[in-house]
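Colleague: Have a look at the structure that comes next, please.
The values are calculated or read from the model by the stated rules, or taken from the named source; none is laboratory data. Remember, predicted model here, so these are calculated numbers, not experimental data. Neighbour counts are summed over all protein chains in view; Cβ atoms, including those assigned to glycine, are modelled from backbone coordinates with ideal geometry.
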Amino acid sequence: MNRESKPGSIILLMEGAIAFVRLRNPAKFNAMSRDMWWQLKEVFEEIQQSRARCVLIAGEGAHFCAGGDISEYPSFRFDAHQLALFHETEVWGGLSAMLNCDAPIVAAIAGNCMGAGVEIASCCDVRVAGESAKFGAPIARLGFPMAPREAGLVAAALGANVARAMLLAAEVFPASRLQDTGYLTRVVADADVDAQASDVAKRIAALAPGAAKMNKQILRMSKFIPDARTYAYADGAEHREGIAAFLHKRTPDFGLDEK
Amino acid sequence: MNRESKPGSIILLMEGAIAFVRLRNPAKFNAMSRDMWWQLKEVFEEIQQSRARCVLIAGEGAHFCAGGDISEYPSFRFDAHQLALFHETEVWGGLSAMLNCDAPIVAAIAGNCMGAGVEIASCCDVRVAGESAKFGAPIARLGFPMAPREAGLVAAALGANVARAMLLAAEVFPASRLQDTGYLTRVVADADVDAQASDVAKRIAALAPGAAKMNKQILRMSKFIPDARTYAYADGAEHREGIAAFLHKRTPDFGLDEK
Amino acid sequence: MNRESKPGSIILLMEGAIAFVRLRNPAKFNAMSRDMWWQLKEVFEEIQQSRARCVLIAGEGAHFCAGGDISEYPSFRFDAHQLALFHETEVWGGLSAMLNCDAPIVAAIAGNCMGAGVEIASCCDVRVAGESAKFGAPIARLGFPMAPREAGLVAAALGANVARAMLLAAEVFPASRLQDTGYLTRVVADADVDAQASDVAKRIAALAPGAAKMNKQILRMSKFIPDARTYAYADGAEHREGIAAFLHKRTPDFGLDEK
């Protein structure tokens with residue numbers, strides 16, 4: 001399940017109940033090439049079919065992701081058809097595979113998290129960042145706007161105020177500011193990012209996996225209205241175990257070791 | 001109007017223009033029993049019919065509310081029909097009575113504010129918390145998801161980022177973090193919570209009650225479009241008094257003492 | 001293009017690519033008179049027809065805007081028809097001209113930013129405030145609610161939690177609190193507000209103006225779905241220049257000096 005390690009790739013490594021995803025394009029601070037967007041989609045589709053209970057995504061080395069791989073842009077961006085294909089199929093293909101992932105996703109964010117990096121981070125459920133991490137989307141310097149679905153994603157996750165400052169004024173935000181707004185769950189010393197993100201992922205893996213899946217499906221709803229499946233979990237083993245464990249003052253056993 | 005004081009009850013006390021609501025289940029940090037959800041609904045329906053200008057809600061003793069009363073869960077949660085009834089009728093009955101209350105609601109939050117506590121706090125308009133108060137919804141440990149309407153309420157109030165961290169990673173947030181995001185209006189020394197919340201409630205009670213009711217009705221709109229009633233207040237006594245008082249540099253008299 | 005300077009006016013001054021808008025009613029901390037709302041609409045319609053790449057809006061003197069000009073209220077507010085005309089045509093006419101402006105708007109906020117001031121600030125894309133600036137909407141003291149469209153605007157920009165505290169409890173927020181929530185992009189020493197806001201405006205003016213316009217149109221969408229125009233910029237000069245400049249490691253030239 002371990003992809004071949006090469007520049008410009010998305011590496012997937014399964015370790016027990018946790019799927020480790022690594023953005024890798026070391027010469028370019030892990031900027032996303034077109035091929036990496038395709039790989040991102042494949043990796044998250046593989047995770048969705050797996051028994052992973054949590055995903056931990058990080059960049060290789062000192063940065064999370066510096067944006068798109070601009071060296072590829074002259075070969076396709078100036079044609080409207082190819083540009084639409086890029087944003088709607090390639091970029092959104094990768095991002096929507098992340099958004100559709102039923103397992104909780106933890107981001108470990110060091111260094112630069114810009115443009116595509118913010119988009120990828122915005123698909124995660126929990127974000128742990130180093131204190132020197134930086135966030136922005138200065139694409140107005142590149143002469144083009146953020147595509148609609150991507151702008152909608154980023155504005156919803158960052159809040160419209162922060163998104164406007166990033167997109168319209170090329171403002172860069174330090175981690176501390178985005179902890180204040182709630183976008184970052186934890187901001188820690190740079191040296192502790194991997195360890196803290198890993199701790200959160202392990203904690204999630206020990207929680208009830210079916211409840212996590214249902215919570216993610218509910219939070220994805222546009223209207224929060226119950227349907228026929230909403231309470232179908234009532235008689236389930238996970239539900240019974242969680243409540244029994246609480247009442248007997250013991251740690252619940254959601255079958256993590258069986259995996 | 002004062003309910004009998006007993007464990008597992010919602011106490012209502014009217015003092016002038018302020019309705020004091022107290023969550024009381026002292027052996028369980030005021031965890032909400034099924035009966036307390038029914039009482040919560042009744043109490044807020046009574047307040048809605050009263051002349052109360054403000055509601056102040058608090059937990060008895062050192063905690064706001066530690067969640068649901070889990071000791072009751074084995075008797076009904078493993079049957080899908082009863083489970084739906086519990087969430088849709090009992091829990092949502094209490095919460096929607098709070099959401100439909102036209103008088104502003106101030107929460108005084110000390111100690112633990114978890115699960116059902118966060119849901120109740122999210123129905124309030126102003127939240128005053130002690131500096132050691134803690135907020136979370138670690139129901140993934142109990143093996144079940146948050147019900148859709150409750151998740152929608154909590155995600156809207158806390159923001160999706162904080163809600164995801166609570167629900168999916170069992171993250172607990174200190175009061176200072178939720179002051180930063182704007183969820184908590186004020187964070188004060190633990191010893192000052194009641195006094196500060198009471199000050200806010202008294203200030204609200206002295207403001208224009210009709211304006212408060214209209215503001216709450218407007219903020220409940222899904223689309224902010226005026227209708228035939230929107231400007232019907234033009235010739236009203238409260239409107240005239242507020243503007244006259246400002247122009248004469250005196251404190252407006254919105255009839256608080258007549259009550 | 002410079003309007004005659006008089007009390008109760010909106011002053012427009014074009015300097016190169018930046019449109020400077022000044023709220024001016026010096027005897028009343030720049031409170032908005034009915035005539036000023038009409039002027040605000042005219043000024044932003046003029047900007048929209050101009051080649052301005054950025055707007056910088058500020059109050060004259062030590063305050064941004066203290067609210068509405070209440071001395072005018074007895075002459076029209078107690079008649080429902082005139083009241084509707086005021087909010088729906090005059091106030092919303094000015095605010096919607098701001099919201100429809102395709103050039104990014106930077107607010108420089110000193111001193112009081114109350115009521116109408118918060119509404120005007122909420123139409124801006126980037127907000128720079130002085131550390132002693134204060135924000136609120138204590139209209140409940142005046143005996144009337146915020147009009148629906150205005151409440152929707154303010155609740156979306158401030159977040160519902162802050163908006164409820166302002167409207168229902170007359171709570172006043174210092175700049176630092178609204179920097180934490182993300183509403184304010186930067187909070188600086190009072191003496192530096194104009195210089196910092198001007199720096200941001202100049203930076204925006206040097207960025208790609210077409211990208212800014214498209215970004216603002218996208219962020220205004222209710223659903224973030226691409227349409228036929230979304231990728232029509234592919235072959236444009238601005239898009240080509242931005243990418244070429246990045247790849248040649250030079251500053252992009254988006255034609256600012258030609259203006």
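Colleague: Considering every residue within region B:37-48, establish whether at least one is outside any helix (DSSP H, G or I) and at negative phi.
Modeller: No, because not a single residue in region B:37-48 is outside any helix (DSSP H, G or I) and at negative phi.
Colleague: Still on this structure, I have one more. Which condition does B:Lys202 not pass, out of (1) closer than 25 Å to C:Ala137 by Cβ; (2) over 19 Å from the mean Cα position of the chain (by Cα); (3) at pLDDT 95 or above, if it passes all the others?
Modeller: Only one criterion in (1) closer than 25 Å to C:Ala137 by Cβ; (2) over 19 Å from the mean Cα position of the chain (by Cα); (3) at pLDDT 95 or above is unmet by B:Lys202, namely (2).
Colleague: Could you say whether any residue in region B:243-255 is part of a loop (DSSP other than H, G, I, E, B), in contact with a Leu (Cβ under 9 Å, 6 or more places away or on another chain) and in contact (Cβ under 8 Å) with a residue 40 or more places away in the chain?
Modeller: Looking through region B:243-255, at least one residue is part of a loop (DSSP other than H, G, I, E, B), in contact with a Leu (Cβ under 9 Å, 6 or more places away or on another chain) and in contact (Cβ under 8 Å) with a residue 40 or more places away in the chain.
Colleague: Would you call C:Ala175 buried (at least 17 other Cβ atoms within 10 Å of the Cβ), within 22 Å of C:Asp125 (Cα to Cα), more than 7 Å from chain A (Cβ to nearest Cβ) and not β-branched (Val, Ile, Thr)?
Modeller: yes
Colleague: Identify all residues within region B:158-209 that are part of a helix (DSSP H, G or I), of a type in the set (A, V, I, L, M, F, W, C) and under 25 Å from B:Pro252 (Cβ atoms); write none if there are none. Steps first, answer last, please.
Modeller: Pass one, region B:158-209, residues part of a helix (DSSP H, G or I): B:158, B:160-169, B:175-180, B:190-206, B:209.
Still in the list and also of a type in the set (A, V, I, L, M, F, W, C): B:158, B:160, B:162-163, B:165-169, B:175, B:178, B:191, B:193, B:195, B:197, B:200-201, B:204-206.
If the condition is that a residue be part of a helix (DSSP H, G or I), of a type in the set (A, V, I, L, M, F, W, C) and under 25 Å from B:Pro252 (Cβ atoms), then B:Ala195, B:Ala197, B:Val200, B:Ala201, B:Ile204, B:Ala205, B:Ala206 are the ones that fit.
Colleague: For region A:17-57, what are the residues that are aromatic (Phe, Trp, Tyr), touching a Cys at 6+ places or on another chain (Cβ under 8 Å) and crowded, with 22+ Cβ neighbours inside 10 Å?
Modeller: Matches in region A:17-57: A:Phe44 only.
Colleague: In addition: Sort through B:Ile225, B:Ile218 and tell me the only one that's closer than 21 Å to C:Ala157 by Cβ, in a helix (DSSP H, G or I), without any contact (Cβ under 8 Å) to a residue 60 or more places away in the chain and outside the structural domain of B:Gly67 (by TED's automatic domain parsing).
Modeller: Exactly one residue qualifies, and that residue is B:Ile218.
Colleague: Also: When you look at C:Ala170, is it of a type in the set (Gly, Ala, Ser), in contact with a strand residue (DSSP E or B) (Cβ under 8 Å, 6 or more places away or on another chain), in contact (Cβ under 8 Å) with a residue 12 or more places away in the chain and not assigned by TED's automatic domain parsing to the domain that holds C:Glu241, yes or no?
Modeller: So C:Ala170 fits the description; yes.
Colleague: Check off (1) in contact with a strand residue (DSSP E or B) (Cβ under 8 Å, 6 or more places away or on another chain); (2) farther than 30 Å from C:Ala228 by Cα for A:Gly61 and give me the number that stays unchecked.
Modeller: (1)
Colleague: Quick check on this structure: which one of C:Ile139, C:Ile105 is at pLDDT below 95, outside the structural domain of C:Asp253 (by TED's automatic domain parsing) and buried (at least 20 other Cβ atoms within 10 Å of the Cβ)?
Modeller: Every option except C:Ile139 fails the conditions.
Colleague: Might you let me know whether region A:80-95 holds any residue that is within 16 Å of the chain's Cα centre (by Cα), away from chain C (no Cβ under 14 Å) and buried (at least 22 other Cβ atoms within 10 Å of the Cβ)?
Modeller: yes
Colleague: So is B:Pro145 within 14 Å of another protein chain (Cβ to nearest Cβ), buried (at least 24 other Cβ atoms within 10 Å of the Cβ), farther than 30 Å from B:Asp190 by Cα and of a type outside the set (Phe, Trp, Tyr) or not? Even if it seems obvious, please write down each step before you answer.
Modeller: Working: within 14 Å of another protein chain (Cβ to nearest Cβ): yes; buried (at least 24 other Cβ atoms within 10 Å of the Cβ): yes; farther than 30 Å from B:Asp190 by Cα: yes; of a type outside the set (Phe, Trp, Tyr): yes.
Judged against the criteria, B:Pro145 is a match.
Colleague: Can C:Ala195 be described as surrounded by fewer than 23 Cβ atoms within 10 Å (Cβ to Cβ), farther than 30 Å from C:Gly16 by Cα and more than 8 Å from chain B (Cβ to nearest Cβ)?
Modeller: no
Colleague: Here is a follow-up. Could you grab the pairs with beta carbons closer than 8 Å, sequence gap of 6+ or different chains, first residue in region A:173-187 and touching a residue at least 12 places away in the same chain (Cβ under 8 Å) and more than 14 Å from B:Thr181 (Cβ to Cβ), second one surrounded by fewer than 23 Cβ atoms within 10 Å (Cβ to Cβ) and among the basic types (Lys, Arg)?
Modeller: From residues that are touching a residue at least 12 places away in the same chain (Cβ under 8 Å) and more than 14 Å from B:Thr181 (Cβ to Cβ), the pairs are A:Phe173/A:Lys134; A:Pro174/A:Lys134; A:Ala175/A:Lys134.
Colleague: Being closer than 27 Å to A:Ser96 by Cα, surrounded by 17 or more Cβ atoms within 10 Å (Cβ to Cβ) and either more than 7 Å from chain B (Cβ to nearest Cβ) or among the hydrophobic types (A, V, I, L, M, F, W, C) (or both) is the filter here; which residues of region A:217-252 pass it?
Modeller: The first filter runs over region A:217-252 and keeps only residues closer than 27 Å to A:Ser96 by Cα, leaving A:217-233.
Going one step further and asking which of them are surrounded by 17 or more Cβ atoms within 10 Å (Cβ to Cβ), we end up with A:218-219, A:224, A:230-231, A:233.
Within region A:217-252, A:Ile218, A:Leu219, A:Phe224 qualify.
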